[in-house]
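Input: a single structure, listed below in structure tokens.
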Amino acid sequence: MKKIAIVFLLLVSALTTSAEGLPYLTFELTDGSKVSVDVTQLTLAISGNTLKAGSLSFTLTNLSKMYFSNTNETTTGIEDVDEQALSDFSIAEVYDLNGRRILNGSSMKGRLPQGVYIVKTREKTYKMMVR
């Protein structure tokens, strides 16, 4: 019965979402982490105690809630950027999401293109989005 209710809610939400134009389905897990998936051609399937959303799989008991949103709300366990800590880029390294070092303190020239980056300082590691 629980599976049928979840599938029904997903279908109703999908219909509402297409009318509102919300591009992401976000899954919030019981540990507080979030994973967002693009709803463009997204397929959902339930098998046993597992929900498969595209290439991702979730155990139903680990899901706290799911909802549609305008932004990708995926959390990585990395803290949000602290502007004060990053004010001196000479001690930072910047990586892209594939783990390639883009910049280090001595080569910080110009602006970063739009995207999401990982910034490492002596004290912390941050996720930074350039818009």
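What follows draws every value from the coordinates through simple rules; no lab data is involved. The shown structure was predicted, so the numbers you read here are calculated from the model rather than taken from an experiment. Positions of Cβ are generated from backbone atoms using ideal geometry, with glycine treated the same way; all protein chains shown enter the neighbour counts.
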So how far apart, in nm, are the two label points at Gln41 and Ser69 if each is 7 Å from Cα heading toward Cβ?
-> 2.5
For Tyr67, Tyr117, order by how many other beta-carbon atoms lie within 10 Å, fewest first | Tyr67, Tyr117
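Count the net charge of all other residues whose Cβ sits under 14 Å from the Cβ of Leu63, scoring Lys and Arg as +1 and Asp and Glu as -1. Working shown, then result.
Details: positive: Lys2, Lys3, Lys34, Lys52, Lys65; negative: Glu28, Asp31.
Result for the neighbourhood of Leu63: +3.
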